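The values are calculated or read from the model by the stated rules, or taken from the named source; none is laboratory data. Model, not experiment: these values are computed from the prediction. Cβ: placed from backbone, ideal geometry, glycine included. Neighbour counts: every protein chain shown.
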């Protein structure tokens, strides 16, 4: 597109947006030519949720099925190159392959609408920026009267360039003639996003396991990382840093403190309808304890149900090649849970 023609269409679009700002409707056009007028609820994990006044249910549309869009409201926008900004999103008249983002008095051109990986109306209220979920699972085995109860929960608050989050997972098992077992995993963290897909993460993790004779393991992590992949279908973040590890045990072993290196990876795939896969891995080669290496691994498969319910199958595995005397090197758990998310 010649530069003069592009400038003319840009000015025409700005003029049109000045009139459109009197309304609060968003318009999208699908690749099949269907036109929807209403409000964008969210674009997340490759799915655009769109509300209209003429339908009782929101439309869930795959992002690669959207050809054009016009908005006048302000959104939090995240691009594949990691840029995060507040603004409106509009296809250029006469060339829908080009999208203009208006952020304050600045204008950005992108050549492909699929370069937008996240879109959500900017909310001024606390609850408008809050994400939360809770899930439970229960298993009963008649033999030995075995009762097993699982609960998992998470909460997060995400602003334009930073976020805080936390989770709490617990598994309890009780059966005849065997001492009860319990396993607890929890974390609270902060993340700061920078340009070009870089980020800084701070977190404190808490872990308790009868299998590894750990009364409490508290790990303070700091890491700097980069999103290697960041698209509307997936993301992969890779980082490195340091961790301070404090451990107390259920046995008579003395408490231990150590400094560890940290290598972490998080991969999220959501290119499948209603199905997403999340995998996280943290490696802790010890700096102060010679030859020791630990790892924490999680893998979840989640299937979305109507009304924000879901079912999830998960594996959590903890490894320590130098556990306390009498403890196992490996501790893992499979969980099947049913949950709801905000």
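Quick one: residue 294 ticks every box in (1) crowded, with 16+ Cβ neighbours inside 10 Å; (2) in contact (Cβ under 8 Å) with a residue 60 or more places away in the chain except a single one, so which number is it?
Unmet condition: (2).
For residue 281, are the conditions met, namely being within 21 Å of residue 222 (Cβ to Cβ), under 16 Å from the mean Cα position of the chain (by Cα) and either surrounded by 18 or more Cβ atoms within 10 Å (Cβ to Cβ) or modelled with pLDDT of 95 or more (or both)? Break it down stepwise before answering.
Details: within 21 Å of residue 222 (Cβ to Cβ): yes; under 16 Å from the mean Cα position of the chain (by Cα): yes; either surrounded by 18 or more Cβ atoms within 10 Å (Cβ to Cβ) or modelled with pLDDT of 95 or more (or both): yes.
Against the criterion (within 21 Å of residue 222 (Cβ to Cβ), under 16 Å from the mean Cα position of the chain (by Cα) and either surrounded by 18 or more Cβ atoms within 10 Å (Cβ to Cβ) or modelled with pLDDT of 95 or more (or both)), residue 281 qualifies.
Among the numbered conditions (1) more than 16 Å from the chain's Cα centre (by Cα); (2) under 22 Å from residue 209 (Cα atoms); (3) surrounded by 13 or more Cβ atoms within 10 Å (Cβ to Cβ), tell me where residue 261 comes up short.
All conditions are met except number (2).
Table: residues versus (1) touching a residue at least 60 places away in the same chain (Cβ under 8 Å); (2) closer than 18 Å to residue 215 by Cα; (3) assigned to a strand (DSSP E or B).
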position: 149; (1), (2), (3): no, no, yes
position: 153; (1), (2), (3): no, no, yes
position: 157; (1), (2), (3): no, no, yes
position: 160; (1), (2), (3): yes, no, no
position: 163; (1), (2), (3): no, no, yes
position: 167; (1), (2), (3): no, no, yes
position: 173; (1), (2), (3): no, yes, yes
position: 180; (1), (2), (3): no, yes, yes
position: 183; (1), (2), (3): yes, yes, yes
